[in-house]
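The values are calculated or read from the model by the stated rules, or taken from the named source; none is laboratory data. Keep in mind that what you see is a predicted model, and the values were worked out from it rather than measured. For neighbour counting, all protein chains shown are included, and Cβ atoms are generated from backbone atoms with ideal geometry for every residue, glycine included.
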Amino acid sequence: MAKKVLIEGVIGADTTASGIRAALEGATDIELRINSPGGDAYEGIALHNLLAEHRRAGHRIEAVVDGICASAATYIAAAAHHVSVPENAVWMVHEPHSSAIGTAADFASASKQLAALAEIMVDGYAARTKRTRGEIANELKAETFYYGPEIIAAGYADAALPALAQHSGERVQAVALARGAVANAMAKLQATPVSARAPAPPEAVAPEPSAVAERERILAIIRALGLTDARGQTAMELASDPHITAESAERILATMATPGRTPEAQARLEDEWVKRGGPEIRGHHSAGLGEGGKPDWQRLLERIA
């Protein structure tokens, strides 16, 4: 079954090339559901090219217009193998529009860009409709609206879908609504900052330091402090060990001598340390009882429990 891909709202604001690229990832045949008053011409070209690439990969593209297909949305639809439109759908083609602020050179550059965009559109529509470039260019210059079966007669669509009901005067009303939708789309696009038209890439987040790196950082600070007594060094090293709780640290430090005196518990700890092949407790931070010459606090806690 063909995957449904939605082309809705304003091109460049509600529907973007990055979003459609993601939707096409891993897809084979697709069904485009289009209901768009148009939008950014360059984004429309990007979407057209994405779909053309999907076609070249051997996948079929069926397009269905749900209501309105105007401006840049029509160029997107032109990339489909087959286009179906309801009997009450509206289709509009026109020359690309833009606004500019600056010098005469800026306006001249903008004019050239618009002319180049128009040529791209004319080529795409002529290929789709099998009509001359001159005919298409005149339609774009006149801003031409088509309604229902007129879209098929002009060559932009291939088949009509029945509407539930049609009323006299409905064409006039539908075209009027479409004009309003196109105007609103242009206003929305102009009010949308370029940076907001596509999601910005996430800011790089510095990786959190590993436990080993964090331990080394703390020990480096300890060395910079110039602590010389064994108890002070032990306290700071315990603080750098993420596996030591405050209660365990308190128990270990309680066995160590404070400056000026040597309690019985200090002697017990030093004796145990030496029995296990370690140096005096004053040097435990450089040799110790654990792997890699690091103190094994848990084993010491078990001995002094």
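Which one is surrounded by the fewest Cβ atoms within 10 Å (Cβ to Cβ) among residues in region 81-107 that are among the aliphatic types (A, V, I, L, M) and in a loop (DSSP other than H, G, I, E, B)? Explain how you work it out, then say what you get.
We begin by selecting, within region 81-107, every residue among the aliphatic types (A, V, I, L, M); these are 83, 85, 89-90, 92-93, 100-101, 104-105.
This time we only want the ones that are in a loop (DSSP other than H, G, I, E, B), so: 89, 100-101.
Working: ALA89: 27, ALA100: 13, ILE101: 7.
Applying the filter and picking the extreme gives ILE101.
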(message) If I filter region 10-33 for residues that are surrounded by fewer than 24 Cβ atoms within 10 Å (Cβ to Cβ), on the phi > 0 side of the Ramachandran plot and at pLDDT below 95, do I get at least one hit?
(response) yes
(request) With the checklist (1) surrounded by fewer than 17 Cβ atoms within 10 Å (Cβ to Cβ); (2) closer than 28 Å to ILE20 by Cα; (3) at pLDDT 90 or above in hand, flag the one item ALA196 doesn't pass. (result) (3)
